[in-house]
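Written out below as structure tokens is the structure these notes cover.
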Amino acid sequence: MIARSLDHPSRVMPELGPADRRILDLGCGAGQTLIALELHRSVLAVGVDTDEASLGLGREWAPDVGFVGASGEALPFTSQSFDLVISRVALPYMDIPVVLAEIFRVLTPGGRVWFTLHPAPLILVKLGRSLTSINYRASIFFTYVLLNGLLFHATGRLARWPFGRRRYESVQTRRSIVRALRNAGFHAVSVDITRHFVATAQRPER
């Protein structure tokens with residue numbers, strides 16, 4: 001409903017062009033973004049996520065979308081398969097340099113990326129709430145997220161959460177995501193942090 005509500009403050013959607021005939025949504029959930037884009041049936045739309053429950057729901061909601069269970073770090077597609085890769089607040093939960101290399105691989109020359117990301121203030125609010133409620137486990141985790149974002153900003157690398165299941169999470173800065181996209185081979189990198197944290201870039205045509 002948020003994705004379809006034009007005046008909702010949380011709504012942020014990619015702008016499509018005539019060349020966007022094959023679209024991959026990374027961290028698609030149940031396909032909310034692809035559904036709200038109301039794509040023509042001639043457009044190939046594929047959503048990738050690791051949550052099988054969400055993928056199952058997406059298959060019920062959008063039978064025209066191809067839903068695939070996979071991680072962003074190992075996309076099960078041949079090189080140059082997509083014209084556009086989008087991701088709404090999923091990249092912060094991944095090993096970003098590895099994922100960007102995979103995205104670059106599956107994009108056609110001239111293909112584009114569109115991401116929304118995590119600014120530091122978002123996690124600072126969560127950390128403050130966890131400290132106020134004396135939730136030590138959450139406080140430790142949100143501290144890790146902030147420190148991981150600082151590491152990413154300073155070095156371009158990320159550290160895996162050291163406890164429990166293998167996972168990543170970080171905040172991003174303009175500097176860190178611009179550098180990561182350029183290091184992956186992208187150009188025409190643009191970042192807008194006015195209302196939402198949106199980054200766009202393009203794979204060179206040659």
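Which residue, PRO119, PRO162, PRO97, has the most motion in a Gaussian network model of the chain that connects Cα atoms within less than 10 Å?
PRO162
Compute the length gained on full extension between ALA188 and LEU151: take 0.36 nm times their separation in residues and subtract their Cα-Cα distance, giving the result in nm to one decimal.
Full-extension gain reported as 10.9 nm.
Given a Förster radius of 35 Å and the C-beta distance between ASP64 and PHE163 as r, what FRET efficiency does 1/(1 + (r/R0)^6) yield to the nearest 0.05?
FRET efficiency, ASP64 to PHE163: 0.30.
Mean 1/r over all different Cα pairs, inverted: what Kirkwood radius does the range 4-103 give, in Å?
Every distinct Cα pair counted, the radius reaches 13.9 Å.
Using only Cα atoms, figure out Rg for the chain and give it as a multiple of 2.2 N^0.38 Å.
1.02
Take the Cβ-Cβ distance between ARG206 and VAL98 as r, set R0 to 22 Å, and report the resulting FRET efficiency rounded to the nearest 0.05.
0.35
Could you work out [θ]222 nm for the chain from helices alone, using -39500 (n - 2.57) per DSSP H run of at least four and dividing by all its residues? Round to the nearest 500 deg cm²/dmol. Walk me through the numbers on the way to the answer.
On the way: 6 runs with 69 residues, N = 206.
Computed mean residue ellipticity for the chain: -10500 deg cm²/dmol.
Between helix 52-61 and the chain, what is the angle of the helix's C-alpha long axis to the longest principal axis, kept within 0 to 90° and rounded to the nearest 10?
In the chain, helix 52-61 runs at an angle near 40 degrees to the longest axis.
Express in whole angstrom the spacing between the alpha-carbon centres of the range 170-206 and the range 101-147.
Using only Cα atoms to place each centre, the spacing works out to 15 Å.
Would you mind computing the Rg to Rh ratio of the range 120-171 from its alpha-carbon coordinates, Kirkwood style for Rh?
Expressed as Rg/Rh, it is 0.99.
Taking the 0 to 90 degree range and rounding to the nearest ten, how far is the long axis of helix 136-155 tilted relative to the main principal axis of the chain, both from C-alpha atoms?
The answer is roughly 60 degrees.
Laboratory data are not the source of any read-out in this text; all were calculated from the coordinates shown. Quantities reported herein were computed from a predicted structural model and do not represent experimental measurements. Cβ atoms come from the backbone with ideal geometry, glycine included; neighbour counts cover every protein chain shown.
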